[in-house]
Structure formats: C-alpha cells, structure tokens
Amino acid sequence: MIELTLREIADIVGGTLHDVPDPAVTVTGAVEFDSRRVDSGDLFLALPGEHADGHDFAAAAVAAGAVAVLAARPVGVPAIVVEPQPVTPSRAMALAHDRDGSGAAVLTALAALARVNVDRLVAAGGLTVVGVTGSSGKTSTKDLLASVLAPLGPVVAPPGSFNNEIGHPWTALRANSDTRFLVLELSARGPGHIKALTEIAPPGIGVVLNVGTAHLGEFGSREAIAQAKGELVEALPPSGVAVLNADDPNVAAMASRTRARVVTVGQSSGADVRATDVVLDADARSRFTLHAKGSVSKGGTPRPDGGTAVELRLAVHGEHQVGNALAAAAVALECGADLDTVVRALSDARIASAHRMDVRTRADGVTVVNDSYNANPDSMRAALKALVSMARTGERRSWAVLGEMAELGEDSVIEHDRIGRLAVRLDVDRLIVVGDGRPAHALHQGAVMEGSWGEESVLVPDIDAAIAVLDNEIAAGDVVLVKASNSVGLWAVADHLTEAAV
C-alpha cells in the first residue's frame, strides 16, 4: 500500500480517530485481517469470523506492530472507527458471521482504501491492473499471468483464490509504488458482484476464460452467468484491452459489450493468439505451436499475416491449461513482452496455488493428482480427461476419487450423474465417490448405470473410508485423481497418499 497517515485514511474511509495520539503517524506496511500475520507498520482490520471477532484481537495486533486498527467501534488502542451498516445481499457470503454490521462497515472502508491505493498508483503511470474471470481456470491463469508478467516488472497477485469482497481489496492493497502489475481474480455468486469488484480496482486489461455451470444454483442459467462474467469487460476503459476466448461463443459475444480493444485467444483459426497441433505427454503436459499475430520472435517462423509461430511446452498439467496459457500470453504481449520472453516464462511456469492440478509421483511410481481445491462440471471434466491421458500414455491404472460439486442448485443431481457416466466413457479404471448426500449417490449411480461396473465404482461415506479403500487396493504405478469442491476437504486423501510410506 502507498504510505498514508491515519488522518488521511480516516478521511478516505469516512471514519473517526479514537485513541490516536498523533494523526500524522503513517501506515508504512500492509493491511492484515489476521492478527497472527501483523508486522511493524501494518494496519489491522477488525473483521468478524466464524469463531472470533477481530475487534477482540485489536490490542494484540497493535502489540505486534500494527500502527492502528480499522474497526467498527473503539477498541482501546489507536483506531479508525467507521459506523456499522447493513450487510448487503452481495456481501452475505463473505460476511456470513457479521451479526451487527461491523464487518460490513470495515469491508466498505477497506474497499474505499483499496480504490484510492489503485487510483493513485495508476495515475502515477506505474501500475497496470489485470482482471481475470471465468467459470473455471481463474486461479491457474492468475498464476500463469504472474509468471509471464514477472520479467516485465514486480507483480502482485493473490495467494490462492482471494477473489471475493474481502480478498479482492486486500490483494489490491498489496500493491505499492514498486508494483508494475496487479493481477486479480474476480468471482461472482450473482449479478452485479463482478461489477462491484471492478469498482474497487478498475482493470485496464480484462480476461474472460469461459462460461460454464459453476454457481449455476445462484444464477439459474448459463445465460445469466455469461451476463455476469461480461461485467468485467464492460468496466474496461476505451484505452483498455479485453482478452476473450474465441472458442466459447458466450465469451466471444462479449466483444459487443466493451469499449476496449478486443484480443481473441483459443484454437479457433481466427484467434489473434492461438494454439495448433496440441499434443500431451505422459504427464498430461501440453506441447503446441503458439501463433501470435504481429508478434516478434527471434526463433519463431514468420507467417503471411505478420505474426509468428513458435513451439511451446507447458510444465503445468492438463489440456485445459492450453487456453489458460494463451490468455496469459496475450496479456503479456499486450504489456510489451516479446514472444521469446513469453515462451520462456510459460515453459517454466508452475501453478503456485495449493491443491490445483498438483501432480506428485511417489517412489513406488504412484502418481497423485491433487485437484481438490474446487470443482464444477467443467473443471471436473477437464481433470478426468487429464487423468485418463496420463494413465493411457504409460499404460497405468487410473483412479478417480471424487466428491460433491457444490452450488449447482436444481441441476446438482443431473450434473453429478453426468460426471459418473463420463468417468465410464473415458474408461477410468476405478472410481471412489466420497459422501452420503444425494449428489454423491447420483455420481456413483451414473457410473454404475452407464457401465454396469459393479465393484469398479464404490460409494464411501467419508474421507477415512476412501483412504481405507486406497490403502488396501492401490498398486505401484497407479495414477490417482482427487477432486471435489473445497467444502468437502478431499485434499486430506491426496495428502495421505503423498505422505504415505512406500
């Protein structure tokens, strides 16, 4: 964050100073909502949580070095106090434990502070804000963007999926005068959510990856999801750039909704940045020819349209990463990178966020694909295809340990049934479905009905039962995919497998 005095912060957020001996004291560090992470010069946010209220940790935060606390009531230590306010529907999930409006007040203040921070850095000419949205692939693309932009200057990107009303401004406030690029994920659980996030940190470049069925329960239809995702490109200025997936008709149609210049990516022949000749290796890592119109590369082959074609090998796993890499490449090229730099960066890039296509091989040759952070029908299909590709290439046995996909609404049973059937069609060798609710039963039944598998698909009630099956039956050289929505906590299965003595 840029350096601001407590008086300046109070003016920005509309708060009053309490127990502040010197309003001219400057916040020189970060903004933190976890008192255990507070360091000297920080500003501490007093937010309500499931088990504790941040106001109760205000004194501890100041003792740890915080200059002051951003709070909704006086806390006995230096504080900027804002008035409690009602929790709006768009913030209901982020502030699920806000009973008195204190969290809503602090969150509103946080957004205002983030907006000033971003506006001043952009006005100074040193910061480019890149926003990424889509039904799936946001976090992976965010990590690829951080890697491919790093050669051009310092990058701030969120850890994991800090993409809501708390994580978004928190990340925006990590940017300071040294930051060249601020990469942000934008998530939505309903109309207007992405628009609200763009008002916190207005993007100069917007990337829309796809329109799928994630959060279908909240939106009701794919068309409504497309309308919401398009709020990102609507927020771009005329001087901005919209990077759109040409392979997804719902995304390509967003070109008419933006004032910004449009750059298309994909495997479609007309895409500005596209991939051809995609081939997967034994670990489902893609090799393909990257074509970029108008790009310059020392080692590339010039094309008649003035573009360049170069070969690119990705270190990340799954064919779905091709589209993510194309989006990252397009952004980097727009920011001034040459194609050689883009290829080098993407060739070395890894997914930094935990539990996302994290592939590890044990000493006995068992490969564990930990993609357990989240799941929706689109990402589930992509992960299953990656699993099968890895198993087939090495003639190995494939296991899919799957849990519930959350927030699918009335289509939940149907979508889980489809995933079970897809596992059979893809010829997954063994399926373990974890859970005792209707979605898990539908997933298991879909597999049984599609293939009359019998013992090839097993339904278990919990994680311990899944681990017991694996410990008893897994063999050297097997490939195991672990995937479910975050709430299932299925990463415990992957952790057990990778930590198991062999």
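Cross-link partners for residue 142 among the aspartates and glutamates, with Cα-Cα distance under 12 Å and sequence neighbours closer than 8 places in the same chain left out: 185. Which of the helices in the chain meet the span-like rule: DSSP H, Cα axial reach of 27 Å or more, Kyte-Doolittle mean at least 0.5? Those that clear 27 Å and a mean of 0.5 are 102-123.
Label-to-label distance, residue 282 versus residue 83, with points set 7 angstrom from Cα along the beta-carbon direction: 6.8 nm.
Using a 1.4 Å probe, what is the accessible area per residue for the chain, in Å²?
It amounts to 39 Å² per residue over the chain.
With the convex hull drawn around the C-alpha atoms of the chain, the volume per residue stands at 150 Å³. Distance between the 7 Å Cα→Cβ label points at residue 487 and residue 36: 2.4 nm.
How would you order 194-207, 260-273 from highest to lowest mean count of nearby Cβ atoms within 10 Å?
Peptide ranking by packing, descending: 194-207, 260-273.
Taking a point 7 Å from the Cα of residue 364 along the Cα-to-Cβ direction, the residues of the stretch 454-489 with backbone N closer than 18 Å to it are 465-482.
Label zone (residue 26, point 7 Å along Cα-to-C-beta; backbone nitrogen cut-off 15 Å) within the stretch 49-79: 67. Say a paramagnetic label sat at a point 7 Å from the Cα of residue 3, along Cα to Cβ; which residues of the stretch 152-184 have their backbone N under 18 Å from it? The answer is 174-179, whose backbone nitrogens lie closer than 18 Å to the label point. Taking the 1.4 Å solvent-accessible surface of the chain as the whole, the part contributed by carbon and sulfur is 48%.
Label-to-label distance for residue 476 and residue 256 is 6.1 nm, based on points extended 7 Å past Cα in the beta-carbon direction.
Restricting the calculation to alpha carbons of the stretch 390-502 gives Rg and Dmax of 13.4, 43 angstrom.
For the stretch 350-432, the set of GluC sites (Glu not before Pro) satisfying both a DSSP loop assignment and a count of at most 10 other C-beta atoms within 10 Å is given as 395.
In terms of packing, defined here as the mean over residues of other Cβ atoms within 10 angstrom, the peptides 173-182, 33-42, 109-118 line up highest first as 109-118, 173-182, 33-42. The shape of the stretch 38-168 comes out prolate: with a ≥ b ≥ c from the C-alpha gyration tensor, a/c is at least 1.5 and a/b beats b/c.
Could you work out the equivalent-ellipsoid semi-axes for the stretch 12-65, taking the square root of 5 times each eigenvalue of the Cα gyration tensor, largest first, in whole Å?
Semi-axes, largest first: 19, 14, 10 Å.
The values are calculated or read from the model by the stated rules, or taken from the named source; none is laboratory data. The structure presented is a predicted model; accordingly, all values stated were derived computationally and were not measured. Backbone-built Cβ (ideal geometry, glycine too); neighbour counts: all protein chains shown. What goes into the accessible areas is simple: the full protein's heavy atoms, side chains included, and nothing from ligands, DNA or RNA. Shrake-Rupley method; radii C 1.70, N 1.55, O 1.52, S 1.80 Å.
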